[in-house]
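Asks: Below you will find the structure I want to go over with you.
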Amino acid sequence: MKGFDRESKFFFDLTIDENKSVLPDTIRKMLEDLKKETKGEEDYPYNSMVITSITGTVEKAGGKWTLVARGSKQKYELVPNDALKKLVESGAVNVTVGGKVTDEQSLLKIEISDAKLAAR
């Protein structure tokens, strides 16, 4: 996860342990707690969540695509791009993907922007 600190003007990267899952709702709660602690009601808005790299198993059933994360076993619905479609068509099931995460109507979804074979 990448972020930007307005005060210091620095970007930061947050790496999550493979066995843990941090979801948009977790980040929103953290930001709300931070607002209370700092009394910064206008600071710390939630913009979006982008996963730069997550490895898991792709499952395709009809038109529905799903990724089961390798470590946390968290499930995500996928909006595949051409690269992911080609990997799956070639027989790959273990992949590393990246993309924007949404959680509308409590449905976790990754809009894939990057896909490649998972490193062994």
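What follows is calculated from the coordinates using simple rules that are stated; it is not laboratory data. All of these numbers come straight from a predicted model, not from anything done at the bench. Every residue, glycine among them, receives a Cβ derived from its backbone with ideal geometry; neighbour counts consider all protein chains shown.
Asks: Exceeding 26 Å between C-alpha atoms, which entries from my cross-link table qualify? They are Lys86/Lys109; Lys39/Lys109; Lys64/Lys100; Lys35/Lys116. Mind dumping the intermediate values first?
Replies: Values: Lys86/Lys109 20 Å; Lys39/Lys109 32 Å; Lys64/Lys100 18 Å; Lys35/Lys116 38 Å.
Check vs 26 Å cut-off fails for Lys39/Lys109; Lys35/Lys116.
Asks: Stokes-Einstein at 10 °C, 1.306 mPa s, Kirkwood radius from Cα pairs: D for segment 79-120 in µm² s⁻¹? Let's see the in-between values first.
Replies: Details: Rh = 10.9 Å.
Calculated translational D: 146 µm²/s.
Asks: Which value, in debye to the nearest 20, gives the size of the charge dipole of segment 30-99 about its Cα centre, when Lys and Arg are +1 and Asp and Glu are -1 at the Cβ? Don't skip to the answer; put the middle values down first.
Replies: Numbers: 10 positive and 10 negative charges, 95 e Å.
Charge dipole, segment 30-99, about its Cα centre: 460 debye, nearest 20.
Asks: Separate question: Compute the Cα gyration tensor for segment 39-105, then decide on rounded, prolate or oblate, letting a ≥ b ≥ c be the square roots of its eigenvalues: rounded whenever a/c is under 1.5, prolate when a/b is larger than b/c in the other cases, and oblate in all that remain. Don't jump to the answer; show the numbers that get you there.
Replies: Values: a/c = 2.52, a/b = 2.36, b/c = 1.06.
Prolate, since a/c reaches 1.5 and a/b exceeds b/c.
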